[in-house]
Amino acid sequence: MSRKNRNIYLGKRVKDTGKKGLDSLREVEDICKEILKDYEKKKISYATAMRRLVFLRTTVIKRNEKLVGKKRKAYKIVKKYEEKLMKMMR
């Protein structure tokens, strides 16, 4: 896949607010929404969408120092979108 066709969310389709990088719950939710939109438009498969949500929850949020004190809420947001994706699949 060429770099041009990649789905990059933060800074491209989701406005990066505050400092550079993932630093707010709004950005987490907006990224989740964009992943679901890509799935609905059939730009990505169900498996790819789920992998991206799980990656966001398990790796990005876990290691992000800027979300200190907000990680539980960020996890809940991503889990909510994982559940929405599962419902869309049915």
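Past the 29 Å Cα-Cα mark, which pairs from Lys42/Lys76; Lys20/Lys76; Lys19/Lys80; Lys37/Lys76; Lys66/Lys87?
Beyond 29 Å between Cα atoms: Lys66/Lys87.
From the square roots a ≥ b ≥ c of the eigenvalues of the alpha-carbon gyration tensor of region 39-90, which class results: rounded (a/c under 1.5), prolate (a/b over b/c), or oblate?
It is prolate, given that a/c is not under 1.5 and a/b is the larger ratio.
Expressed in nm to one decimal, what extension gain is obtained for the pair Met88 and Ala47 from 0.36 nm per residue of sequence separation less their Cα-Cα distance?
13.5 nm
With θ set to phi - 60°, apply the Karplus curve 6.51 cos²θ - 1.76 cosθ + 1.60 along region 66-75 and write out the HN-Hα couplings as whole Hz, x wherever there is a Gly or Pro.
Running phi through 6.51 cos²θ - 1.76 cosθ + 1.60 with θ = phi - 60° gives 6, 9, 4, x, 10, 5, 4, 5, 5, 4 Hz.
Accessible area per residue of region 50-90 at 1.4 Å probe, in Å²?
75
Assuming 0.36 nm per residue, please report the length gained on full extension of the stretch Arg26 to Thr59 beyond their Cα-Cα distance.
Separation in residues times 0.36 nm, less the Cα-Cα distance, equals 10.1 nm.
The values are calculated or read from the model by the stated rules, or taken from the named source; none is laboratory data. None of the values given here were measured: they were computed from a predicted structure. Quick note on the areas: whole protein, heavy atoms, side chains included, nothing else; ligands and nucleic acids left out. Shrake-Rupley method; radii C 1.70, N 1.55, O 1.52, S 1.80 Å.
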